[in-house]
1. Counting only residues that are more than 14 Å from the chain's Cα centre (by Cα) and of a type outside the set (Gly, Ala, Ser), how many does segment A:23-50 have?
2. Given the condition part of a helix (DSSP H, G or I) and within 24 Å of B:Val276 (Cβ to Cβ), answer yes or no: does some residue in segment B:174-191 qualify?
3. Condition first: buried (at least 16 other Cβ atoms within 10 Å of the Cβ) and either more than 14 Å from chain B (Cβ to nearest Cβ) or over 23 Å from B:Thr323 (Cβ atoms) (or both). Now tell me which residues in segment A:25-48 satisfy that.
4. Quick check on segment A:49-75: of everything there that is touching a Phe, Trp or Tyr at 6+ places or on another chain (Cβ under 7 Å) and in a loop (DSSP other than H, G, I, E, B), which residue is farthest from the other protein chains (Cβ to nearest Cβ)?
5. If you take the residues of segment B:131-168 that are hydroxyl-bearing (Ser, Thr, Tyr) and in contact with a Ser or Thr (Cβ under 7 Å, 6 or more places away or on another chain), which of them is modelled with the highest pLDDT?
6. Suppose the filter is within 14 Å of chain B (Cβ to nearest Cβ), touching a Ser or Thr at 6+ places or on another chain (Cβ under 7 Å) and among the acidic types (Asp, Glu); does A:Glu84 pass it?
7. Would you check if B:Ala130 is among the aliphatic types (A, V, I, L, M) and assigned to a helix (DSSP H, G or I)?
Amino acid sequence: MVTPKELKYARTHEWVRVEGELAFVGITDYAQESLGDIVYVEPPEAGQTVKQGEEVATIESVKAASPIYAPVSGQVERLNPLLEKTPELINQKPYEAFLFVVRLSSPPAGLLDAAAYESHVEQEKAAH
Amino acid sequence: MFPSLPHTEEDLRAMLAAVGAAGLEDLFADVPPELRLRQPLAIPSSRSEAEVYRRLSALAAANRTDAVCFLGGGSYDHLIPATVGAVLGRSEFYTAYTPYQAEISQGVLQAIFEYQSLICALTGLEVSNASLYDGATAACEAASLALNSVRRSRKVLYARTLHPHTRRVLATHFSGLEVELEEVACRDGVMDRDDLHRRLGAGTAALIVQSPNFLGYLEDLTGLAEEVHAAGALLVQCADPLSLGALRSPGDWGADVAAGDAQPCGLPSYFGGPTVGYLAARQAYLHRLPGRIAGQSVDRDGRRAFVLTLQAREQHIKRERATSNICSNQALAALAVAVYLASVGRQGLAEAARQSAAKAHYLAERLGRETRARPLAARPFFLEFPLELPGPAAPVLKDMEEQGFFAGLPLERLAPELAPDGAEAGRVILVAVTEKRTREELDRYVQAMKRILK
């Protein structure tokens, strides 16, 4: 499991990369591994206002369809156009294949650092 | 005749012994006594094979098969080439249930793939699913697709000129859900565009319109897609697929989804079915299509092969997030449609549509000129038109039947609210004419009607 140090993480397995007022959002290596081959991403709408914790997208893999929760609050600035045709990029490069970019309405809060996320994953695994 | 005998006494004893039960009573000990049937089932006792043949022959003889059929109302008496029955009669197709281990059933997948391709070609849309139960469920699934595609939408508009059964199934399908179904009024037998204009607005997922509509009239679809899209909604067109052999396709009209009953293309007009629903949409809605989609691929040796490409909405993939509970398709009936379309071809389909329309117009014209009946045919229609009789429809239909004609469907029984041009519903019948009707049959119909209405 790869967990880059420079990113922030949500307990629901999304990663966040903050660049100024923008936050890039994707799913973690652990999440893509658990989902299996991803075949479709149903993204939010560009311009849509999202609240932290709100379900905003769906990722479908050959196994299941999983909800994606907004890890930050703000307005969806843009989507990753590559995922429409090549959703498998999430499996190949989970930390490059962002799902969408949010223009933050407030600074991110309540997110985990890499170490805390890794121990969260270990706990989840142990619980299963 | 032998009753069904799945197990011998010996089988029963062996099975009971295997599970450690002393007897059948012992096996069912966990079923509370008050729930057990204490007397024999109230069904007739078994009969000999000869008796069964006699009984079934008597029932079959009660069917009237000699009358010339002018019945329509959603189910039409078109010619079905012998190829359809020949292919359907192959046990590889008719004994097969849904392919659970899909890719092992290459023949079924190819048949579904061909069906989908033909439906796409007919509707002018990019993706078709593997089929649905009937036209009414297809319309419901089209509405669900729209509700799931248009964000924050809760309202579905449909024209009152839809088949009344489709309207009823829509009401049933969406009852208990937070969906507003609104009917767009009918004016002079077609959808009232002013009423539509009033009802369209934010929160509308779709407009469902049927053309040719239930009365047989062509709805004016000019500018309709633009108007519906401007409100953020999708346009769903229900169309008789056979009519698309001659008419502009839903895709060409700008519709996002086409849905309907494919009975006219290769299925007989049995009492109540089975028929098959088709559903096709623009590429953008591929992942919203309910049911399954077969696709063409290559196997590891590079040979053409077929796969079950998508079943994105089905419950075993989406679980509680499924947006449709359709988990099957109408494979054998869809195969009939595919064989029909492949047999008649583009030209044959156009010919069937044009001949049906020409014969219907010929009949309407002669009835108007030579009888006391009044065809309500002032606006464009395809192969079916309302005919107003000078008095109540029932006795006229009965007299016509005695003359050897199923002369039409009484409008009052199905959709009295649609009676156009100030006609009284009780006097109106819907008359459908297909390419199967001969000139001689049409002339005899006119003569009989003339005599009866004298």
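1. Looking only at that region, the number is 6.
2. Yes, some residue in segment B:174-191 is part of a helix (DSSP H, G or I) and within 24 Å of B:Val276 (Cβ to Cβ).
3. Of everything in segment A:25-48, those that are buried (at least 16 other Cβ atoms within 10 Å of the Cβ) and either more than 14 Å from chain B (Cβ to nearest Cβ) or over 23 Å from B:Thr323 (Cβ atoms) (or both) turn out to be A:Val25, A:Gly26, A:Ile27, A:Thr28, A:Asp29, A:Tyr30, A:Ala31, A:Gln32, A:Ser34.
4. Looking at residues that are touching a Phe, Trp or Tyr at 6+ places or on another chain (Cβ under 7 Å) and in a loop (DSSP other than H, G, I, E, B), I get A:Gly53.
5. Among residues in segment B:131-168 that are hydroxyl-bearing (Ser, Thr, Tyr) and in contact with a Ser or Thr (Cβ under 7 Å, 6 or more places away or on another chain), the one modelled with the highest pLDDT is B:Ser144.
6. no
7. no
Yes/no matrix, rows are residues, columns are (1) in contact (Cβ under 8 Å) with a residue 40 or more places away in the chain; (2) part of a loop (DSSP other than H, G, I, E, B); (3) within 14 Å of chain A (Cβ to nearest Cβ); (4) small (Gly, Ala, Ser):
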position	(1), (2), (3), (4)
B:Phe306	yes, no, no, no
B:Ile326	yes, yes, no, no
B:Leu341	yes, no, no, no
B:Leu349	yes, no, no, no
B:Ala358	no, no, no, yes
B:Gly391	no, yes, no, yes
B:Val396	yes, no, no, no
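The values are calculated or read from the model by the stated rules, or taken from the named source; none is laboratory data. If you're wondering where the values come from, they're calculated on a predicted model, not measured in any experiment. Heads up, the Cβs are rebuilt from the backbone with ideal geometry, glycines too, and the neighbour counts pull from every protein chain shown.
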